[in-house]
Structure formats: structure tokens, C-alpha cells
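Written below as C-alpha cells is the structure these notes are about.
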Amino acid sequence: MDKNRKLRLTTLSAALIIALSGCNDSHDTQVVDDNAPSVASPDWRDQVIYFLMIDRFNDGDPSNNDQGANEYDPSNEAKFSGGDLAGVTQKLDYLQGLGISAVWTTPPVANQWWDPAQNYGGYHGYWARDLQKIDEHFGDLASYRALADALHDKGMYLIQDVVVNHLGNFFTYTGTYDPAQPCAGFELIPGALAAGQSLPAPLNQNDCNNADDFAAGIYHWTPAIRDHKVEEQEFTYQLSDLDDLNTDNPRVRDYLKQSYRYWIDKVGVDAFRVDTVKYVDHDFYHDFLHAEDGILAHAAKRGREHFLTLGEIFETSNPYQTNGEEKLLAYLGTQEKPELTSLLNFPLQATMNQVFGGGQPTAQLGYRLRKMMELYPDPYRLGNFIDNHDMARLLSQASQDDVKQAFFTLLTLPGIPVIYQGTEQGFTGYRDAMFEGGYREDGQPKDSFNTDSDMYRFLQALTGLRQEHKVLSRGDLQILAEDSTGAGIFAYSRTLGDDEAMVILNTGDTPMLLNQMATGAPAGTRFRVLNNLNADNLADQLITDDAGRLTLALPAKSALLLMADGSDTPQAGDVSLKLTTALAGTVLTADLTLTGTGTPGHSLQLVVDGNLGTAQTVTVDDNGQWQGSLSVRHFAIGQVAHRLALYDNQSGASLADIPFSSDLSYPDSPSLELDDSGDAAEGTGGPLGSYSLPTDASFDKQASQLAIESARVYQAGSNVRLSLTMANLTDTWAPTNGFDHVGFSIFIHLPGQGEGASLLPKMNASLPGGSDWQRQVVAFGWQNSLYGSDGASTSGFGTPLTPAPTIQVDKDSRTIHFDFPSQALGRPDSLDGIQFYVTTWDLDGLSSSYRPLQPEAGNWNFSGGASSEPLIWDELPLLTLSE
């Protein structure tokens, strides 16, 4: 029998059994009497994953939207919107057309519909109440099985999100926790389950004050995590107050294994994404996955010999360090005691966002990729991604070209690319619905399955090339060019057998020079352009010179995907170009005059760090001589490596990069100092001192994290350091930027750089003193973004710009340093008259939105004012620089 026909008949048979039997199991789960067909695992290296939120993707069955518990409201981000499993099945052609081969869904299991303690709903799927039942909003077992069968019928695969760390929020703690009396302060939360709902065994043994429940030890009897850096809290306390399962308990382990084997058997799930991995101890994963009754052995019996388990460990790395990778690697286990089979690549995600969205040096990405290939035992099966449902989208902080460059890279690197729903439609809302009638941040829900959209077509072309050329999914990786000073050139090659691909990008806002880059290919190798971004003006093929090198002027925000395709006559270099000034190896602290030779009458560009946009143009005189200068004003602080190239854009000839360095430092004494202690330090703040902090205990009511005590400004060249000492500085939630419970909105007035704006986006306020601003920084624990005033409105930020300032945190002195390179300030020739306006508020770590201001107190909202009043807790007077 034809395989596809057999799968369709199996699906029909399952549906008939359900319809005719009328039989339910102990959890009201509809029974499918036959197991799902055995489907062999794919080669995961070649897959492209689409991650979707079931509730926010597509509504295929409106009859299941409203379950009558006030849990459904598509206008409310916190409630169910109506998406379901049938809706996913309806859109598989849309996904396959995009080049998707595997669909990862949020957990489909029965969830807590509404948490009255947090005033938020479990539409997302991560607050389970029954791990062996489909949530009523999403469908039933038959609709989940139909999705799996339809995917397999198309040669696609199903990845289920699973949670082993916690359930929903059915109990909590009040007061001070005493480990010696773990039930003191324990409370079951009234109304945590909807009418008629209950927890199945053994999850129903959740009352610490019940002797049998306490002795059963199904849960850790602990409060919410207060410090994520304390290992005991990380492993045994409640993440965001969610009931923490005691995964050392054999009964819990048996229940989790049984629950997740069930979905492999009855539905035909092909892989798991494992949520909140780092909150569960290592021994559990070895048992859960590798025991005789574990997931991997069971999947193998069902024909899935390479069942993938992608672990979520939300840890990133500092630039040029591997602290994040070390945390992730620990959860792969050892050869003797293996754990997860693979991981989601959070360190790479963070670095790519910083490089493409924040304008940081491309050498940071080069370092991260080299370490990826060096440290992980199988980097080709890591899940690589740009953003997801637990963070702000890159497009909400960066330009569309930045996002396209990020995906151009993602889809040409080793690892399994993951595309989050809505990316292909240019979404900026982090949990916006795709379907008409679902929740949208802008309040304008609409159908968003346009196969002709710009981003859909862009991604479709790249996924097609990745599928066509296996060198992009399986080939070796070598970094060819990178920039240590900032945004600019980044290039790498992929090789597999006789196939060689090359990717070249310019992440900068100006044209950049790729100068005599060694490709590793022979002289005269012809590279055919397979795809490009913002580089239509370049030739459709490039040829290496007589030394196997490439020299190329790359447009701003451009990218090229090249494939070696034969050979041609190489071009020889121009030997007349020379620099006569001794520069190589020099450490500059002041400006330097340059001299050299070239072809008489030609114009040369003196290109520093590849930047053609800031290059000085000189003309070679009749004697073949030229003279120029090298200014240090715009060089970054510290000892920084640079390179100088001479480029003759008339002939395309160049002189090989000449290395040198600069060494600039801020003075010991600030140019400006301000004492702001005494206001907004305790539990009240705002323009009139009438606001109150969110009631959650993590906001310090005595020494507020939002209160600025003092400010100092340091100047060197056109670089500025803004140092803010806070009344309190915490990193309770392990934020990537080193501080939490406060966000900074910093507005910068730049004289002579065009008309700015006076309104403060999303803050219900205007710049004081009738001034305007040309730059805005938005920085909190997980975001650091720079925006221009163009396009700014009361409801939206202006045009994303790079580079954002770098952030350094000195926790001991409670000081946060914002270092603004000259480029972030528009490369001013003078700092005279530049003004900084600094404000604080807090932002939500998931959506990067300003926390609301409401009249009444709440866990996560500020109170004491109307929603239309200014979102400013503390502010500094205008800081005016002089030079």
C-alpha cells in the first residue's frame, strides 16, 4: 500500500475509534486504541524548525475558544485568544511553502486557565494541570494525532514542548520562609482551578499541610526563587511561583516518563523541546531520557532512533567568554552519564542580537562561532534562533535589514535554524496572534498568512538554498574576516567535499571595504552569487586575485551568499600603492600625518577599519605623492587594534591592511558630576513623589533599584561615559546586562544633527526645557537599544540605530556605566552643547514594554497614578556637556 495513503487511513481509523467508542480514561482524555505509526527520525541537521504558540497561531475551530470561565478574551494579552491544533493543521501548506520541515509547538497539554494570584492566564501552555490530556481550548487527542499524521504525510516532523520542572501556580507562600518549617506560610490558592477541574494523581497531593501529601513529597515545599544564582534555589524553589516538582522522587519520575511516552505512542511526536532545563538536577535527565523505561529507548521502539531533545537553558555569555556555553554543556552530561541530546543555542542568540541589532564588533560573533564548533560535541544539531516567545523580538529593537542579516547568517550556519512564528510577516509584538480576531499589541488583529510578504519571500529563498546545498547544513565552518572595532565586515566559508560556499556581510550603516581577504581558494576561483541582501549593484560573480584573495566594497547592511563555480583569469594587484609613513605596529594617542605614493591623478581613500563612509579621500599628485592624516578623535576607549587600507576605487586596487592600535582613556576626574540622592530612594517616586512600586517583594521598598543617587560624566575625544550610581543594584533574575528591576530611558540632544523630537515615546511625557532629542537609549536587564528620533511617536520608538552604548556594571559600588562611542553620538567634531536626559522606570522582561501605571496596587504594575500620567520614577536634570 502507498505509504501516504496508509497514513491517511490510519488517521481516519483513529478518528472513527474515538467517535464510536465514547470511552474516556481517568483524565477525560479521549482514547485512541491504536498507536501512531512508526516514523523514522530525520537527519536533524537538514531540518528547518518553525516554532509556534498554539493559542496565537491559527483558530481552526472557534467552538472551543470560550470555555466559560472568563479565560477567553482576544483583546487581552493575558488570556486565551482562540488558536488550536486544528488551526495548525490547516496551515501546513503555508509552513511547507516557507521551507519548514519541522513544527515545534508550545505544550498542548491541559493548563491552568487563569492564575488569580498573578492575574495571568495559561494560554501559552507552560502551566500544566494534567500532562496526559489536551487542553480543551486546543482540541483533543484526535486533533493532535491528525496534526502529527498530516505532518508526516508531508514528510514533516512534530516537536512537542515539554515541561518537567513545574506545573501551574496552585499553591504559594506568604511571609518569611523557614526551611526547618516548610509548611509555615504555605497556602493553596483559591480559584486556581476552574469549576469542575482537579489535578490527577499524583499531582493532586499538593497540600503541604496535609500529612499524607507532605510525606508523599511530590513537590518541593519551597517559595519562589529570590536569587537565581543560588544553586539550591535554582533546583528546588519555585520558578515565578510555579509549583516545583520534586524530580528526585521516583513517583514523580515515573509519572513524567509515562506522560511523555504517551505522546510518542498515541500521537507520533518526533522530538521534544525541554523547557526550563537548568531548574532540574542533572541526574533526573539521565534517568528520564536514558533509562530502560526512558524517553529515548521508548522512542527507538517506535522507530525514532534519533529522537531529538532540545534543552532550553536561558544562559548567555559575556563577549569573548564562554560562561554561557559552560552552563549549557553541563546538561549534555558525559559519555558515561549522558543527559540531553542537544540544546537551544542561547549564547549564539544573544551574540547575534548584539552584533546585528546592537552594532557590536563582528569579532564577537566570530569568537562565538569558533567556540560553538570547538566546545559542543555536535554543533550541527544545536537549535539556533534569533528570538522567541520569552523575549522581545529583534525587529522591535532593530531594523528590518538587521533582522534579515541575522537570518541570512542563521540559515547558512551549522545548526538547526528555528524561525519563530510571525517573523516571516515582520511581527514586532512578541506574542501577537497570526489569525484575524486574535490578540495583537497594536489592537488591530488581522490575518497574517501572506505568502507574498517581503520577509516570507526572503526566508523562503534562503531555506530553499539551504535544502538544495547540503554544504550549508553539513559543511565545515571557517571564519575568514571579522572586525574587532565595531560593526562591519564578517565572512565565513562552508566546505563539504568539493563544495565550497562563502558568506560575506557588512553589518555597518556605511559602505565597508573587504580588503584582500584570503579565501583559502586558488587564484582565479570564480564565486557565483546565489543570494544577496542590499547588494544588487555588485557583479553576479566574484573572482579571487592572483593570491586567492577578494577585495570588494560592500554596501551598508548587505550580505552575499556565494558558491565556488569554476575558475577564471585572476587580477593582479597594483604595486604602485604605498604608505611611506611608519605606521605598522604603532600605538597612537594623538593624530598622525600620513604620506605615500600612488598612480598620479588617482583619488585614494584612506580607509580605517574598513569604513568607507568615514574614509579620507586624497589625490595623488603629478609626482605620484599623496598626503593625509589619521585622527584619533573617534577611536574607542582602551587599547584597540585598528587597520588602515589604501583603496583606489577607480581601479579597485588596494594596499594590504596595515595594523596599528590606539590607546585612549577617560580622565580620572569627571567633566560633570551631580548628586541626586534623597529622592525616589524609598517606596515612592514619580514627578510628584506619588507613585508606588509594584507590590512584588523583589522590588525593594526601602532602597529602590529605580532611584539614582548620583551621576558622573567623563569625556575623551568624542566618546562619553555616563556613570549612574543607584540606591540599590540587584541582579536577582540573572539579567544579561547585569542589573534588574530598573530600566533606563536616556535621551540625547545632539546640536547640529538635524531636527529632533520632544515627545518621549511610550512614556506620556516630553523632554523638559523645550529641548529636543536625536538619540534615545532604552536599557534594562535584557535589552540595550539605540533609536533615532525619526519616526518616534507617543506609542512607538524611532528608527533603530547602531551601535548602542556598552554597559558595565560594578555591583559593589552600585554603579552602571554607559559607554557611548563616537559613532553612537553621530561622530560629533565637538561634544559642546550635547545634553543627556536620564529617566528610570521598569520594563517587562518578556515583552520589553514599560510596566503599566494604575491607580491600584498590583504585583507587577506601578500604582498611584492614572495610566496616562508620565512613566518616570526618577529623573535627572539635563546634563549639558562642554568642550
key: Distance (nanometres) between label positions extended 7 Å along Cα→Cβ at LYS446 and ASP254   = 5.6
query = In percent, how large is the relative contact order of segment 450-501, given Cα pairs closer than 8 Å and 6 or more residues apart?
reply = 28
ask   = Residue by residue, what Karplus-based ³J(HN,Hα) values in Hz, rounded to whole numbers, does segment 506-518 have, using 6.51, -1.76 and 1.60 with θ = phi - 60° and x for Gly and Pro?
value = 10, 7, x, 7, 10, x, 10, 9, 8, 10, 6, 6, 6
remark   = Helix-only [θ] at 222 nm, the chain, -39500 (n - 2.57) per DSSP H run of 4+, per residue, nearest 500, equals -5000 deg cm²/dmol
message = In whole Hz and in residue order, list the ³J(HN,Hα) couplings for segment 413-418 that follow from phi through the Karplus curve 6.51 cos²θ - 1.76 cosθ + 1.60, θ = phi - 60°; x for Gly and Pro.
response = 9, x, x, 8, x, 10
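From the Cα gyration tensor of segment 157-230, with a ≥ b ≥ c the square roots of its eigenvalues, which class applies: rounded if a/c is under 1.5, or else prolate if a/b is larger than b/c, or else oblate?
Oblate.
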task = Under a cut-off of 20 Å between alpha-carbon atoms, report the aspartates and glutamates in cross-link reach of LYS301, not counting same-chain residues fewer than 8 places apart.
result = ASP33, ASP34, ASP43, ASP149, ASP254, ASP265, ASP270, ASP287, GLU292, ASP293, GLU339
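What FRET efficiency comes out for the pair LEU538/LYS701, r = Cβ-Cβ distance, R0 = 60 Å, nearest 0.05? Write down the numbers at each step before the final one.
Details: r = 59 Å, r/R0 = 0.98.
For R0 = 60 Å, the calculated efficiency reads 0.50.
How high is the relative contact order of segment 269-370? Use alpha-carbon pairs under 8 Å, at least six apart in sequence, and give a whole percent. Please report the intermediate quantities before stating the final value.
Details: 133 pairs, mean separation 26.7, N = 102.
Once normalised by length, the contact order is 26 percent.
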message = Restricting things to Cα coordinates, could you compute the convex hull volume per residue of the chain in Å³?
response = 169
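How much accessible area per residue does segment 484-636 have, counting only protein heavy atoms and a probe of 1.4 Å, in square angstrom? Before the final figure, lay out each step's value.
On the way: 6310 Å² over 153 residues.
Roughly 41 Å² per residue, with all protein chains present.
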note = The answer for GLY268, listing residues at least 5 apart or on another chain whose modeled amide H is closer than 5 Å to its amide H, is ALA36
task = Rounded to the nearest 0.05, what FRET efficiency do ALA584 and SER882 give with R0 = 35 Å and r taken as the Cβ-Cβ distance? Could you check?
result = 0.40
ask   = Past the 31 Å Cα-Cα mark, which pairs from LYS257/LYS446; LYS229/LYS404; LYS557/LYS811; LYS266/LYS337; LYS701/LYS762; LYS371/LYS701?
value = LYS257/LYS446; LYS229/LYS404; LYS557/LYS811; LYS371/LYS701
inquiry  = Taking the alpha-carbon distance from LYS154 and a cut-off under 18 Å, which lysines remain once sequence neighbours fewer than 8 residues away in the same chain are dropped?
reply    = LYS3, LYS6, LYS91
inquiry  = Give me, ordered by chain and number, the residues 5 or more places off TYR439 or on other chains with an amide H under 5 Å from its own placed amide H.
reply    = ALA433
Solvent exposure ordering (accessible area, 1.4 Å, most first) of THR586, THR428 = THR428, THR586
ask   = So what is the relative contact order of the chain, in percent, for Cα pairs below 8 Å that sit 6 or more residues apart?
value = 8
task = Would you calculate the separation in nanometres between label points at ALA656 and GLU374, each defined as 7 Å from the Cα along the Cα-to-beta-carbon direction?
result = 2.5
request  = Keeping the other protein chains in place, figure out the carbon and sulfur percent of the accessible area of the chain, with a 1.4 Å probe.
outcome  = 46
ask   = Non-local amide H neighbours of LEU310 (under 5 Å, H modeled in plane, Pro and chain starts lacking H): which ones?
value = PHE272, ARG273, VAL274
message = Per residue, how much accessible surface does segment 121-174 expose to a 1.4 Å probe? Answer in Å², no decimals.
response = 14
key: Solvent-accessible heavy-atom area per residue, rounded to whole Å², over segment 272-347 at 1.4 Å   = 37
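May I ask you to compute the full-extension gain from ALA461 to ASN76, defined as 0.36 nm times their residue separation minus their alpha-carbon distance, rounded to one decimal in nm? Each step should come with its number before you reach the end.
Working: separation 385, 0.36 × 385 = 138.60 nm, distance 3.55 nm.
Full extension of this stretch gives 135.0 nm more.
Report the full-extension gain for the segment GLN854 to ASP281: residue separation times 0.36 nm, less the Cα-Cα distance, to one decimal in nm. Numbers along the way, then the final one.
Working: separation 573, 0.36 × 573 = 206.28 nm, distance 4.00 nm.
Length gained, GLN854 through ASP281: 202.3 nm.
The values are calculated or read from the model by the stated rules, or taken from the named source; none is laboratory data. All values derive from a computational prediction rather than experimental measurement. No Cβ is skipped: glycine too gets one built from the backbone with ideal geometry, and neighbour counts run over all protein chains shown. With ligands, DNA and RNA removed, areas are computed over all heavy atoms of the protein, side chains included. Shrake-Rupley method; radii C 1.70, N 1.55, O 1.52, S 1.80 Å.
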